[in-house]
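Before any comments, here is the structure.
The values are calculated or read from the model by the stated rules, or taken from the named source; none is laboratory data. Fair warning: this is a prediction, and the values are worked out from it, not measured in the lab. Positions of Cβ are backbone-derived with ideal geometry, glycine not excepted, and every protein chain shown enters the neighbour counts. Each accessible area value is taken on the protein alone, full model and side chains, heavy atoms only, with ligands, DNA and RNA left out. Shrake-Rupley method; radii C 1.70, N 1.55, O 1.52, S 1.80 Å.
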Amino acid sequence: MTSRLTARELTLAYEDRTVVHGLDLAVPDGRVSVIVGPNACGKSTTLRALGRLLKPRGGAVLLDGTELARIPTRKIAQSIGLLPQSPVAPEAITVADLVSRGRQPHQHWWQQWSQADERAVTDAMERTDVAALADRPVDELSGGQRQRVWIAMALAQETDVLLLDEPTTYLDISHQVEVMDLVRQLNHERGRTVVMVLHDLNQAARYADHLVAMKAGRIVAEGRPEDVVTADLVREVFGLDSVVVPDPVTGSPLVVPGAPYSPPSERIPR
C-alpha cells in the first residue's frame, strides 16, 4: 500500500490537554478512508493536523516524505484540500464567489483566472447541485445548501487529497447519500484520495475502503470495514451492545444496536 500522506508518532494537544497520543497512520493512496469514533476521541483533531491546521506537539505529518511544516503553504493547498466543521463564509459573498475561492492556490500574479479555473468551478457546482444558486448570497441559504456549497469549493480546489470533516452535517438523508455517492465517484473516476471523519458508523462502513476506529486519542483498529466492524469493536469503541449483519444492499457491515431501554411496566415477562 502506497501513501503520500502519513502521520508518525503524532501527538496533538490544545494548551495542556493532550488529545492524540503517538498516532501512526498511513493514508492509502487513491482510496476512501474514514475515521470513526466516539465524541472527543481526537478524530477531527487528527484530520486538522493532516491538513496542517494544527501544529503537532510531537511527531509529524508528512507529504511525500517531507514534513508539512517544511512545505510552502501554496504547495500544500495545491495537494491537500480540507473542509473543516462549520466553516464560516465572508458576509454577503455569493455562491459562485465562494466556490471560486477554491481556485486561489492555482492563481499566479501573471494569470488571475483561466479557462481551467472556470471549468473547475462550473464542474464543482454542477456535481454538488448548487449551480442554480450561483448568484445567491451564501448567508441566505439553508444549512444543507450551504454545506453543499462548501463541498463544491473543496472540489474546485482539485487537489489529489481531499479531507472532509463531517461532510454530511446539516444534510437530510437524500442529500447525505448524494454527497457520499459524489465522494465515491470522485475517488473512482478521478483517483482522488479521500479522508473523512464521520459519526455514522454504518455510513462509514458502506463507503470506506479503509476504516480507522479511534478511542481516547489512539487508533484501536484499522483496515477493511468487513474486518474492522465487529460487535466486539463496537462495544470497545462506542460502549454499545450490537449485532453486526451484512447490509442487504451493499453487503458491508451493518450495525444493529441492542435492545432499547423500556420501562419495567412495559417489559414482557419471560
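Test each condition in (1) more than 28 Å from LEU82 (Cβ to Cβ); (2) in contact with a Lys or Arg (Cβ under 9 Å, 6 or more places away or on another chain) for HIS210 and report the one that comes out false. Here HIS210 meets the rest and fails (1).
Checked across segment 103-114, the condition of being touching a residue at least 40 places away in the same chain (Cβ under 8 Å) and under 30 Å from LYS215 (Cα atoms) holds for no residue.
The requirement of being more than 20 Å from PRO167 (Cβ to Cβ) and part of a helix (DSSP H, G or I) is satisfied by ALA132. For segment 165-181, a residue qualifies if it is more than 13 Å from the chain's Cα centre (by Cα) and either closer than 25 Å to ALA49 by Cα or among the basic types (Lys, Arg) (or both), and exactly one does: TYR170. The set of residues in segment 129-169 that are of a type in the set (Ser, Thr, Tyr) and open to solvent by less than 10 Å² (accessible area, probe 1.4 Å) contains only THR159. Flag: GLU118 matches the condition of being open to solvent by 50 Å² or more (accessible area, probe 1.4 Å) and either under 21 Å from ALA208 (Cβ atoms) or in a helix (DSSP H, G or I) (or both). Within segment 176-189, residues that are in a helix (DSSP H, G or I) reach partners that are among the aromatic types (Phe, Trp, Tyr) with beta carbons closer than 8 Å, at six or more positions or on different chains, in the pairs MET180/TYR207; VAL183/TYR207; ARG184/TYR207.
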